[in-house]
Amino acid sequence: MLDEPRILDRHPVERLDDYVASGGGDGFRTALDAGPEATLAQVEASGLRGRGGAGFPTGTKWRSVLRYASPDLSTTVVVNAAEGEPGSFKDRMLLRTNPYRVLEGALIAAYALGTDEVVVATKATFGPENARLRTAIAEIDAAGWAEELGIDLVEGPSLYLYGEETGLLEVLEGRQPFPRIAPPWRRGIDDEGEATALAGGVEMATADGETEEPPVLVNNVETFANVPAILAKGADWFRERGTTASPGTALVTVSGHSARAAVAEIELGTPLNEVLHRVGGGAAEGAIIGVMPGVSVPIIPASLLDVPLSYEALAEVGSGFGAGALWVLDETTDPVAVAAGVSQFLAVESCGQCTPCKQDGEAVAVALGRLLRADERSGDQALNAARDHLATVADGARCSLASQHEQVVGSLLALFPDEVEAYRVGARAARAPELIAPIVDLQGEEVVLDDNQATKQPDWTHGSEDSGAAPADRINQRSDA
Ligand SMILES: Cc1cc2nc3c(=O)[nH]c(=O)nc-3n(C[C@H](O)[C@H](O)[C@H](O)COP(=O)(O)O)c2cc1C
Ligand code: SF4
């Protein structure tokens, strides 16, 4: 969508030599000439914000990680390439198109933070991306870019929580992706793999180096892809695009009930409507009735489709940019079936370390499933149960999956009262929830969804029956035995 894309090359870059011929490596060289502090200052000045979902300022994160560095053990730089947000395919598109840009960004971070270890965390199922990364890492090693450090590729499980940064660190230590209490800049990777960091009271990195615990820097694939050009061309150049609070460009994935599915690079601040039409061709049928930014932030209603795609403007309308996953609802979409599908996805993916997230989450999914099959007698009960359990699902939650459940499902029910009412009074034909699942491929103008999601049980098995045990209990019991 941009005349001059900054991070998503028009054609796949097949070899490191081709990348270098088009300016690849300039950012890393500029960083080495400038020194670690000037490199970090340039990233801070750029105002780059993390593209993994929360939009956290990247320079501020790098500065914190540096402050908590261990006196003895190296910090690790982790590329979060676990992309599992329903409706998102942009990280895999970047890796398929040009893995060198992402790796160069991670090398610049490693240099700025004085680290000797980079880990790229993908999923075992990401075949084409893993193949491209393996080749790119070998080429970068052979070219001597990574002389002082090691770049590892870790291929993790197909679980949504593996993308959550502390769940990801648990996987790097050989366990399941159960989110931790301690954030990555306070608790990194224990190479011995002995102490689980799930509980409170574990030793953490400190700003004054009192412990030897090292922190970890975790950034998203797309975040790292922005870094080389920031170094090569400067923070002022980076800020020539986008808005003051959301500088630069960003990738979006348009899918759901759009005319076509696509990934594109847009200038931050472009009106949502323009992006939906130019990238996704508008609605599949009729008009767009809403947009779901993945399953992480509330729905954007049709009345707000002219909102600029920036972190600040989307927050102002009560939603968010998330990971740029724009899942379109058209006039044929049943928002109650979408709510039930989102609830089903999040209830299944919840790990169960926090009882309300798993139990109330499952109860919401069951109640919405019942609402979709309700007659005039059972509708009230199903809707009340869904609302009651939504009110408590996020109580005491350790990570944000639970509040995502509350907000995304809550916003769908609130924005489409007529559809909810029709099911409540039994005036709609019974139907199944809409499948809400991660994208496994983008073929032409269509996405392929992970249909394994449809048979996944809340205990994370694929058997015909759920054991009733939360993954955190089932898996811990097994490892205790
Ligand atoms: C349930 C859940 C799933 C997540 N999945 C991903 C993911 O697949 N990829 C990703 O980069 N970030 C994901 N995140 C966000 C990460 O925890 C983290 O904020 C991000 O990797 C930080 O990188 P950034 O600062 O560059 O955005 C997820 C968060 C949650 C709560
Ligand atoms: S909020 Fe949910 S997904 Fe997150 S740690 Fe607690 S139980 Fe697990």
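Coordinate-derived values only; no laboratory data. No experiment lies behind these values; they were computed from the predicted model shown. Neighbour counts run over all protein chains shown; Cβ positions are idealised from the backbone, glycine included.
On a 0 to 90° scale, report how tilted helix 127-142 is relative to the longest principal axis of the chain, with both axes built from alpha carbons and the result rounded to the nearest 10. Its long axis makes an angle of about 10 degrees. Note on ALA429 and GLU212: their simple-model spin labels are 6.8 nm apart, each label 7 Å out from Cα toward Cβ. With R₀ set to 22 Å, the beta-carbon distance separating ALA124 from GLU445 gives a calculated FRET efficiency near 0.20. Between the listed residues VAL275, ALA382, SER46, the Cα displaced farthest toward the positive end of the dipole of the chain, a dipole computed from Cβ unit charges relative to the Cα centre, is found at ALA382. To the nearest 10 degrees, how steep is helix 221-233 against the longest Cα principal axis of the chain, on a 0 to 90 scale? So the helix axis and the longest Cα principal axis differ by about 40 degrees.
Unpaired Cys in the chain, meaning no second Cys C-beta under 4.7 Å: CYS351, CYS399. Where both bridge residues fall in segment 16-238, DSSP classifies roughly 5% of the beta bridges as antiparallel. Under 15 Å from a point 7 Å along the Cα-to-Cβ line of ASP418: which residues of segment 272-312 have their amide N that close? Only 287-290, 302-303 pass the distance filter. DSSP beta bridges fully contained in the chain are about 50 percent antiparallel.
Proximity of backbone amide H atoms, modeled 1.01 Å from N, is registered between ALA283 and ALA259, ILE288 at under 5 Å, excluding neighbours fewer than 5 places apart on the same chain. Helix 471-480 versus the longest principal axis of the chain: what is the Cα-based angle in degrees, 0 to 90, to the nearest 10? Rounded to the nearest ten degrees, it is 60. Using the Cα centre of segment 16-238 as origin and beta-carbon charges of +1 (Lys, Arg) and -1 (Asp, Glu), tell me which of LEU172, MET204, ALA229 is placed farthest towards the positive end of the dipole. Most positive-ward Cα: ALA229. About the centre of its Cα atoms, segment 249-330 shows a dipole size close to 200 debye [charges on the beta carbon of Lys, Arg (+1) and Asp, Glu (-1) only; nearest 20 debye].
The listed peptides 128-137, 350-359, ordered by packing as a protection proxy, come out as 350-359, 128-137 (highest mean of other Cβ atoms within 10 Å first). For the pair ARG260 and ALA245, label points projected 7 Å from Cα toward Cβ lie 3.4 nm apart. Placing unit charges on the Cβ atoms only, positive for Lys and Arg and negative for Asp and Glu, gives segment 16-238 a dipole magnitude near 1000 debye about its Cα centre.
Entry note, the chain: the mean residue ellipticity at 222 nm calculated from DSSP H runs of n ≥ 4, each adding -39500 (n - 2.57), is -11500 deg cm²/dmol after division by the residues and rounding to the nearest 500. Peptides 77-85, 439-447 ranked from most to least packed give 77-85, 439-447, packing being the mean of other C-beta atoms within 10 angstrom over each peptide's residues. In segment 249-330, a dipole from Cβ-located charges (positive for Lys and Arg, negative for Asp and Glu) runs towards its positive end, and of PRO298, ALA261, LEU314 it is ALA261 whose Cα lies farthest in that direction.
Charging the Cβ of each Asp and Glu at -1 and of each Lys and Arg at +1, and nothing else, the dipole of the chain about its Cα centre rounds to 740 debye.
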